1. Going from the alpha-carbon gyration tensor of segment 165-258, what semi-axes, largest first and in whole Å, does one get by taking the root of 5 times each eigenvalue?
2. In terms of modelled amide H atoms, which long-range or inter-chain residues lie less than 5 Å from the amide H of GLU156?
3. With Cβ to Cβ distances under 12 Å as the rule, what net charge do the other residues near ASP396 carry (K, R +1; D, E -1)?
4. Here is the link list: LYS57/LYS179; LYS179/LYS346; LYS346/LYS369; LYS320/LYS368. Which ones come out longer than 18 Å on Cα distance?
5. Suppose we take every Cα in segment 201-344 and form the convex hull; what volume per residue is that in Å³?
6. At what distance in angstrom do the alpha carbon centres of segment 350-391 and segment 538-571 lie from each other?
7. Tell me the label-point distance for the pair ALA158, GLU94, using the 7 Å Cα-to-Cβ offset, in nm and rounded to one decimal.
8. For VAL329, list long-range residues whose amide hydrogen, built 1.01 Å from N in the peptide plane, is under 5 Å from its own amide hydrogen.
Amino acid sequence: MRSFLLVAAFLVSMLSGCATYEIRSTAIAKNQPLPATHGVVALQVINNAERLAPLHKGWTAVIVVRTDNMDAIKAAAIAQAKEKAEKKGKTIDEDKVDWDPEVYELTPVYQGTVDSQLFIGSMPPGEYMISTLYSFYNGGDMSSWISMPVFSAAGEFAVSDTTLTDLGSVLFQPLLSIKESSFWSTSTSSKAFVTRVFEESDLGSIVLPQYPQIQQQLNGKTSQSWKTDELDPLREKLSVLATENALAASPIVLPTTQQRALAAKFGRLAIQQDGSWTTHNLPTNSQLYAALQIDGKVTVGGELGQLFVSSDWQQWQLTKPVDADEAIVWMGQTADNYFALTSSAKQYQVYRFNQLNTPWQKVGSYVKKDPNDWLIQNGGLFAAITQQGTLRIFNDNKRHDYNPADNSWSTDKSTSLRNMAQLANGALVAVEVSQWDGVGSQLISVDDGLTWQSINRNLSLFGDIKADVSLPVLTDNNEVITLSRNRKSSGEKSQIRIATTALSNADDSSSWQLHGVAKDNCHSLLPQLTTGTTLYFLCDQGQIVSTSDFGETWQTDIDRDIAQMQAQYETFIDELKQQQVAEEKAKENEAEAASEE
């Protein structure tokens, strides 16, 4: 393994904020060949969390440091400093000589992913380590940045001339609540870890078609990946634990059987049956989003244009009905057609198909809008199947209806929505856009979004963020269920409680019946999963909890073993420290041997 001490010294200078080294771009052009002697590096980064921070959804850069020439660069810097000092009749402290390693920046390419990220770039031949995952935000009136050190947590890799280095997937796993404002300001190693996923990868087939000249240059050449070392068994244990505890935050209702499902990261899909949850592992590391049952088979869509089909929930066949630069984020069915919605870097695409083995026909396309376009808050894009069995698309402040008879669309005005879901009973629940802070009132529609009923509830102006953006529930008997901050009696501290009222009274804040207190840090109601009187909530650290008595009692349906991941990471850190001690001892022995000669 490359000198741990040199890498550690670079890490200290980087985190101290006093580094002055140049960060070199690795950007490659779509229609240009590789720079001379360069190789290509491709990487997928998966955050096992909803988002990194309120202002940071994902990483804006992966910082890479070259390690095979560090000794030479440092020696050259020391020699130059000595020469200058000798001319002045002075001596130097070699440990205080500044030197700059070669540092490179991989930036994300927004193709085929929504929650995970793809990074690709070119670098000269050499050996490298990922030093940092970095995210920068600039909103015009404020800026923010966060970073996560990596180094030996992922290991070393080589770049070779005109060769693809496929690094597969690297995961970021928080161990503390990322919701806490102190998460990114604390320097403790126990807050999170980064490791790589030990599964075969084929990122080349996904990213290289976007670069035809480079793909031709690399054609026929075998790709390479991470170098192996003695820490790999510990990294693999961390990887297995993290993927087994994949965040499942995309609720689904299977239309045919009305089964509830939770799509997760790392290709995990949890299915509810007879009151319990069973998790199935699909052959992908990417996020899953949508599922249908077609001709007795379950069909699951996700990132990178991947569609998985199974007749037994065990063996999965991968098909790619759309390009890899599109993510399949929704699927629905009518009496005569199946529909799918995909998300790419700049557009949403709508597809129609009749059978699993028939090509998908593109029937619609919508330009993506930035949710916050300076002074304007824009709504998102959502799909639903109406009670008349037709496809309806809500795109910002427009409603689009598809007519399959003549393959045409009609458009009308609508309400801008921040989030929307269709429940098993057909009702639409949503959160509207506010031009003030982006988050408006909860809404419910029983006429397919032609009209919306506003939900008038109480929440703190600041602090109840998860409850504020959470969706409500509408039961089969038109009872509204939501979260509201109230006190049951005067003098009592207000708390976030489960509240119910009739839909007809939902705009009257005095009509609510208050029930049990919401479970701490579990304020994201998942209305699609509601079954009878059982409500499901997503917690800040990814657990799924439920209550069947409006919050009087709670149970954990899907747990995440944070403690076990923390213990395994501490084992990794201990081994890393032992290697550092061993290297320090080896350096001392070398120095002693040299002095005796």
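1. Numbers: eigenvalues 189, 110, 45 Å².
Value: 31, 23, 15 Å, ordered largest first.
2. Placed amide hydrogens put LYS227 under 5 Å from GLU156.
3. Working: positive: LYS368, LYS369, LYS398, ARG399, LYS413, ARG418; negative: ASP370, ASP373, GLU432.
Value of the local net charge: +3.
4. Details: LYS57/LYS179 13 Å; LYS179/LYS346 29 Å; LYS346/LYS369 8 Å; LYS320/LYS368 23 Å.
Violating the 18 Å Cα-Cα cut-off are LYS179/LYS346; LYS320/LYS368.
5. Values: hull volume 20.2 nm³, N = 144.
Each residue corresponds to 141 Å³ of Cα convex hull volume.
6. Cα centroid to Cα centroid, the span is 33 Å.
7. Modelled inter-label distance: 2.9 nm.
8. Correct list: LEU341, THR342, SER343.
The values are calculated or read from the model by the stated rules, or taken from the named source; none is laboratory data. Only a predicted model underlies this, so the values are computations on that prediction, with no experimental measurement involved. Every residue, glycine as well, gets a Cβ built from its backbone with ideal geometry; the counts of neighbours run over all protein chains shown. Surface areas here come from the heavy atoms of the whole protein model, side chains and all, with no ligands, DNA or RNA. Shrake-Rupley method; radii C 1.70, N 1.55, O 1.52, S 1.80 Å.
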